[in-house]
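Below: one structure, written as structure tokens.
Derivation of every value follows stated rules applied to the coordinates shown; laboratory data play no part. Quick caveat: nothing in here was measured; it's all calculated off a predicted structure. Neighbour counts are summed over all protein chains in view; Cβ atoms, including those assigned to glycine, are modelled from backbone coordinates with ideal geometry.
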Amino acid sequence: MSDPVAPLTGASFEGYVTVSAATAPMGMITIRADLADPALAQALAATSLPLPGQRRIETTGDASVAWMSPDELLVLVPHGQLGATMAQLNAALSGQHALIVDVSDARALFHIRGVHAAEVLAKICPVDLAPSVFGIGEMRRTRAAQVACALWQSAPGEFHVICFRSVAVYVFDLLKTSAMQGAEAGLFHPA
Amino acid sequence: MSTRLASGGRFLNRATVQNFVFNGKRLRGFAGDTLASALLANDQMMVARSFKYHRPRGIVAAGPEEPNALFNMGRGARFEPNQRATTTALFEGLECESQNHWPSLEFDIGALNSLAAHVLPAGFYYKTFIHPRAFWKHVFEPIIRHSAGLGKAPQDRDADRYEHLYAFADVLIAGGGIAGLQAACVAGESGARVLLLEQTLHWGGRAVNDGAQIDGAPAQDWIAAALAKLTALPNVTLRLGTTVSGVYDHGYVLANEHVGETTPGDGRPKQRLWRIRAGQIITATGAIERPLSFAGNDVPGVMLAASLRDYLHDYAVSPGDRTVVVTNNDDAYLTAIALKEAGLSVPLIVDARRTLTGPLPQRARDLGIRVEAGWAIAAVKGTRRVTGVSLCMQAGEGGVIEEIACDAVAMSGGWSPVVHLWSHCGGKLLWNPEQAHFHPDPARPPLGADGKGFVRAAGAANGQSQNACADADHAARAALAHLGQTARTDLTLPVLEHPTQAAMAPVWVMPQGANQKLRAKMWLDYQNDVKVSDVQLAAREGYVSVEHTKRYTTLGMATDQGKLSNINGLAVLADSLNEEIPQVGTTTFRPPYTPITLGTLAGEARGEIFQPLRRSPMHEWHSDQGAYFEPVGHWRRPYCYPRGAENHADAVKREVLNTRNALGLLDASTLGKIIVKGPDAGRFLDMLYTGVMSTLPVGKCRYGLMCNENGFLSDDGVVARLDEQTFLCHTTSGGADRIHGWMEDWLQCEWWDWQVFTANLTEQYAQIAVVGPKARTLLERLGGVDVSKEALPFMGWVEGTLGGFPVRIFRISFSGELSYEIAVPAGHGRALWDKLHAEGADLGAMPYGTEALHVMRAEKGFIMIGDETDGTVIPQDLGMSWAISKKKPDYLGKRGQERPHMTDPDRWQLVGLETLDGSVIPDGAYAVAPGSNANGQRHTEGRVTSTYFSPTLGRGIAMGLIRRGPERMGQIVDFPTTTGTTVQARIVDPVFYDKEGAKQNV
């Protein structure tokens, strides 16, 4: 079997920040469940992940779990661990009313890196990304210009954006346009 | 003549000469000039022709209120009309030309209009509608259309780029004068996030040129110190060249930053639109000086007094050797004194006030300037530039008592606070009779969601120019208190001192008893050519509302939105109506404060990213094959794949025949795919679909219809049961997001206690339809899944590994052929697509597009949402009662479908249509019935919903909704076409091809 292909695999752009598409698919699992159900926390614990608080993304090793809505989580794991994690979660939540689905192929993942990464995103996302407001570990569902997206910051100046696969080219083009040299706005840091 | 003085000009960098071109003339300015100051420095007193009468016009102001100096700027792909010279920074290579002149600025044919001014009165435009009737269409309309508009529309695609920026602040301050700086200091030093935006390229506003002292030193010192302080604060963001253009609900503010306008082509965005959310907004936008209404107040060389002072101080521009000052207040004396101190001549200060008591008039007299109290200008002499003034008594009717030669006139009619931003979101105004101006009423601010004011005015914008520091300090502290933040108490309040000014006296017409001839030369609105006599005529004709008068006379309706004319105009109206000014009121202030180019509003949304295009995992392949794409929602789907010289019709014909006879491959990835899971999933789907889904066995598929509450068909698709609690609902390509939202709406708002979860997996899977008599052969070649008739019968599905790919195969058909739809994770989509083509090449595998899909489904009589339905069609209209459960107690739409109009046997119902001559009925054609309705329109009895040339049958086929259609099999109906011919068609069964289903069930 051939390996699955990530949208725009590894495409990258050097502007006043670096914009790049993920080089390989990320395993992504949507869980819809009652977040207050102890079985869910146990199921996550079985994969070494905590239950994230509202608008949080928590990372353990190379796996993360993000709060997406009052009854929805997103688990991120290396693609190689996808099947095992799905099986673990399904086993742990069997008998519970929960929906666990693989959405790895439905998404595109981009990385935005640089001192001005937040500013580049602030051109297309209506979110207050000031360092004093938008910290590391916050997961934000918002929009990038005209399409839905979610974004988080894993380290200072290191942002990640996921969007639907079909609009990967649109979002990449948006990010490239916003990151073009000369477009420094000096919003959070002097240009 | 206006010239550049040998020294001075605090904004100029004389070391850098900048060359520019005006109306083809090469001129020189300095770095730091505005286009306006550079033109004046080159003696360009006359820069424009007026809109209606084509009168010569010059620069009046130095800021965004300028009505006359609008230019066509740039050329080609960087051409932009209506650019204000006063707010345009000069740059090397700037090219501009004046507007609204023909054939040239100096000699203009349109100026003849002014000779015919009496036939172009107020309301001329509306009067042309009335009488004589035929004149509007044939005479007035063509002339008005020809002359309407100031600048030319750009012809080329804009070469520049623009962007947006979302910003957030506790306190947004509009205006970087003394008040704005002080407010920023208080809020910033107290720790609030502050955004301070100033429209010009300089901080400090009018303070320096008005001779203000702060803490006993020139204002400039305090400004520099405040800036140093603010720049050092990390919580304060400062921006010059950024105009706050609108205030909206919930503290939303738009501001327009001028980024790369003076350096075209350097890669920077031309402008940046700031989209701001602010907790509190402080408008420190200053005030605008008003003109005086005297005859000839529009002759080039007549300028606002403070603006003339600005040109002198900031750009070392002398408006001429001899300047007459005319005023009703003390402020204009500063201009006279400044001119005198610059070594220029001020032959006379004409002051409409009878008694002059203040220190400024005294200082002027001490400098040897002649001052005449109670005098007025009777008329300005000169046409293309001022040559002199004739003088009279303000109290009289204009009898000339003296004439004086001069090159310029500096006028001041008092000051109006810039209340626009305060007013945009509903802030109310109060009239101050002493200052004769409207100012914000602090008791009636714009209200936020908490019912409290979210905008505060400060300084001159609040009618507090003499008290700007304390007023701004107060505004900032109130804003912080509102936000629950603590203002620092250890900050010292700067002491602001202005030259003492005595009371002004309102003067709305000069002289006050001016006759009709003089009033017809007193301009209120320079840009739209509205005079005092026009407003008075409107009042005589019965216009008592200021909003009606505005529209009737066009006062304040030009691109400057009446910044200079509004108050003067409504004062004249109030006088004509014998009312008080506050009783007449103002017109409504609306955003934007100054015009914003459309490119800025569009931001990044142009070209490739004008709209998000959705692309399937196989999009690139389609593109490489030269597919012709059509939009389906935001998706781009291949319509057909023309080969060689094929036209689209030929390509579609080939694709249909190949699919029917051999093997077609369709990219069906866009199909909506929604997972519905839970103990109540079956019950939920039984409510959503008209049919029964809960009885569907695992491993099987069932076609279903969804209706809205009114019973109208909304979506359709095949449902597959994956396990006891899980269903996969396929929706139309365009309907996936809408149906997913529809499901969540019902689950979250109505049936919140049902245990059901949904997930939209549309994009998780690529889906490929393998269609045609050789479909099974191809799948067997890939191997791994038993796709035989027995193992995978029609309307079944299986999961497995096909040729190494993890797939789910659905045995469903939208074409009437043997058909498999293969879902594979999207990351494998392209690889599977390639493999199917490679393995199927010798079987005749060819891709087919959406048009072939449409033709084949029409041949089979399958409906298409959006073709056979339009939001007014119920399933029963389409002969689909078979898909509606009679046993279920309820489903969404059931009640709606029982309403009398829905059960009316006269409803138009679905039938097939077979043209008698084999031609194709035009799309959208109506079937006509005898007689006509009350409007003389032909009665109709149906319409075509789908119509195609059928390559399979070799003739035109169609479906349509016909009144009582199914009862009328065999009858002939008439479809008139737009070319005058009529197509006759026989009503037939809608299934044209393989009615028994023998082809798909193999």
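Put in order of Cβ neighbour count within 10 Å, fewest first, the listed residues B:Lys860, B:Lys835, B:Lys428 become B:Lys428, B:Lys835, B:Lys860. Here chain B is scanned for chymotrypsin sites (Phe, Trp or Tyr not before Pro) in DSSP loops (not H, G, I, E, B) that have at most 15 other Cβ atoms within 10 Å, and the longest stretch holding none of them is B:108-609. Each Lys or Arg adds one and each Asp or Glu subtracts one; over the other residues with Cβ under 11 Å from the Cβ of B:Arg614, this totals +2.
Under the simplified labelling scheme, the B:Glu630-B:Lys887 pair shows an inter-label distance of 3.9 nm, with each label point 7 Å from Cα along Cα→Cβ.
Taken as Cα centroids, region B:932-990 and region B:455-525 sit 72 Å apart, rounded to the nearest whole angstrom.
Annotation: amide H of B:Gly453 within the under-5 Å range of B:Gly448, sequence separation 5 or more or interchain, hydrogens built in the peptide plane. When B:Cys749, B:Cys729 are sorted by how many other C-beta atoms sit within 10 angstrom of their C-beta, beginning with the fewest, the order is B:Cys749, B:Cys729. Candidates B:Met557, B:Ala217, A:Ala117 compared by Cα position along the dipole of the protein assembly as shown: farthest toward the positive end lies B:Met557, with charges placed on Cβ. Using θ = phi - 60° in the Karplus curve 6.51 cos²θ - 1.76 cosθ + 1.60, the 3J(HN,Hα) couplings for region B:298-312 round to 10, 5, x, x, 8, 10, 5, 4, 5, 5, 4, 4, 4, 4, 5 Hz; x is entered for Gly and Pro. Sorting the segments A:154-160, B:60-66, B:377-383 by their mean number of nearby beta carbons within 10 angstrom, highest to lowest, gives B:60-66, B:377-383, A:154-160.
Quick check: Cα centre of region A:1-22 to Cα centre of region A:85-134, how many Å? Here the two parts' Cα centres lie 17 Å apart. 3J(HN,Hα) along region B:574-589, derived from phi through the Karplus expression 6.51 cos²θ - 1.76 cosθ + 1.60 where θ = phi - 60°, amounts to 4, 5, 5, 8, 6, 10, 7, 4, x, 6, 6, x, 9, 6, 7, 8 Hz, with x in place of Gly and Pro. Partner shielding of A:169-177 amounts to 5, given as the average count of beta-carbon atoms from other chains within 10 Å of each residue beta-carbon.
The mean number of partner chain beta-carbon atoms within 10 angstrom of a residue's beta-carbon across peptide A:121-133 is 4. Under 25 Å of direct C-alpha separation, and excluding same-chain neighbours fewer than eight residues apart, B:Lys25 reaches these lysines: B:Lys152.
Compactness of the protein assembly as shown, taken as the C-alpha radius of gyration over 2.2 N^0.38 Å, stands at 1.14.
Once C-alpha pairs closer than 8 Å and six or more residues apart are averaged by separation and normalised to the residue number of chain A, the relative contact order reads 24 percent. By the rule of a C-alpha distance below 14 Å, with chain neighbours fewer than 8 residues away ignored, the aspartates and glutamates paired with B:Lys52 are B:Asp108, B:Asp298, B:Asp525, B:Asp529, B:Asp534. Here region B:29-79 and region B:251-324 have alpha carbon centers that stand 12 Å from each other.
Remark: B:Ser669, B:Ser245, A:Ser132, A:Ser2 ranked as A:Ser132, A:Ser2, B:Ser245, B:Ser669, counting other beta-carbon atoms within 10 Å and listing the fewest first. Near B:Val371, the amide H atoms lying under 5 Å from its own belong to B:Ile349; only residues 5 or more places off or on other chains count, and H is placed 1.01 Å from N.
Taken residue by residue and averaged, Cβ atoms of other chains lying within 10 Å of the Cβ of B:266-277 number 2. Where a ≥ b ≥ c are the square roots of the eigenvalues of the C-alpha gyration tensor, would you call region B:291-412 rounded, which needs a/c under 1.5, or, failing that, prolate if a/b is larger than b/c, or oblate? Oblate shape, in that a/c is at least 1.5 and b/c is the bigger or equal ratio. Does region A:26-105 come out rounded, prolate or oblate by the C-alpha gyration tensor, with a ≥ b ≥ c the root eigenvalues, rounded set by a/c under 1.5 and, if not, prolate when a/b is larger than b/c and oblate if not? The shape class here is rounded. Counting charges near B:Phe862 (Lys, Arg +1; Asp, Glu -1) among other residues having Cβ under 14 Å from its Cβ returns a value of -3. Across region B:373-382, coupling constants 3J(HN,Hα) worked out from phi with the 6.51/-1.76/1.60 Karplus curve, θ = phi - 60°, read 8, x, 9, 8, 8, 7, 6, 9, 9, x Hz, and Gly and Pro carry x.
Counting only cysteine Cβ atoms and a cutoff under 4.7 Å, the protein assembly as shown contains unmatched residues A:Cys125, B:Cys96, B:Cys185, B:Cys392, B:Cys406, B:Cys425, B:Cys469, B:Cys640, B:Cys701, B:Cys707, B:Cys729, B:Cys749.
Relative to the globular-protein estimate of 2.2 N^0.38 Å, the Cα radius of gyration of region B:672-762 stands at 0.96.
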